[in-house]
Every structure is written in C-alpha cells, then in structure tokens.
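The values are calculated or read from the model by the stated rules, or taken from the named source; none is laboratory data. All of these numbers come straight from a predicted model, not from anything done at the bench. Positions of Cβ are backbone-derived with ideal geometry, glycine not excepted, and every protein chain shown enters the neighbour counts.
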Amino acid sequence: MEITPITITELNKYIKDKIAADEFLQNVYIKGEISNFKNHYTGHLYFTLKDENSLIKCIMFKGYAERLKFTPKDRNEGRSIWYCICF
C-alpha cells in the first residue's frame with residue numbers, strides 16, 4: 001500500500017469543513033484551567049487549557065483579546081465560549 005501525503009492546506013481545509021458541518025462544534029463551552037499563559041507583544045495571547053487528563057494549546061488573536069472582560073493568568077479556571085478557526 002502506497003501512502004500519499006496531503007498538503008497542510010488540504011488538511012486545514014478538511015478540518016475546517018468538518019468543524020463547519022458539525023453543529024456541536026460551532027460554539028463549544030470549555031471548562032478548564034489556563035496554564036503557560038503568555039501575553040505576546042503583538043497583543044495575541046498564547047496559553048494552554050487543561051483539565052486532569054488532557055490539554056489544548058491555544059492562541060487568542062489581538063482583536064478578540066482586546067474584548068476580554070478579565071485578565072487571563074495561569075491557574076484561572078472557568079468556562080468560556082470558544083470558536084475554533086482553522087487556517
């Protein structure tokens with residue numbers, strides 16, 4: 001069996017299409033703890049959301065970060081609405 005690699009663009013389009021087609025994934029509530037928080041000089045926020053068993057590495061772009069009503073920091077816990085965008 002020959003393996004045919006796909007491009008990064010093809011993979012991102014596939015993931016984006018799957019998320020767009022799944023109503024459950026359109027707006028997801030996530031409860032977790034913030035760790036590895038970095039407020040980058042560009043205004044983007046880099047952090048990890050985690051629970052006892054898993055983690056997700058995240059970026060919040062400047063436009064969204066400017067609208068936050070709280071200042072994220074390590075060990076913040078809470079629920080948020082996250083919209084996943086794949087490029």
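Annotations for the structure displayed:
- Scanning region 11-33 for residues that are of a type in the set (Phe, Trp, Tyr) and not in a helix (DSSP H, G or I) yields a single hit, Tyr29.
- Selection count where residues are modelled with pLDDT of 90 or more and in contact with a Leu (Cβ under 8 Å, 6 or more places away or on another chain), scope region 66-84: 0
- Region 7-59: number of residues that are closer than 15 Å to Asp74 by Cβ and among the aliphatic types (A, V, I, L, M): 4
- For region 17-28, residues that are in contact with a Phe, Trp or Tyr (Cβ under 8 Å, 6 or more places away or on another chain) and either touching a residue at least 60 places away in the same chain (Cβ under 8 Å) or surrounded by fewer than 12 Cβ atoms within 10 Å (Cβ to Cβ) (or both) total 2.
- Region 42-65 residues that are part of a loop (DSSP other than H, G, I, E, B), paired with ones that are of a type in the set (Val, Ile, Thr) (beta carbon under 7 Å, 6 or more apart): His44/Ile59
- Residues in region 28-41 that are within 21 Å of Leu55 (Cβ to Cβ) and not hydrophobic (A, V, I, L, M, F, W, C): Tyr29, Lys31, Gly32, Glu33, Ser35, Asn36, Lys38, Asn39, His40.
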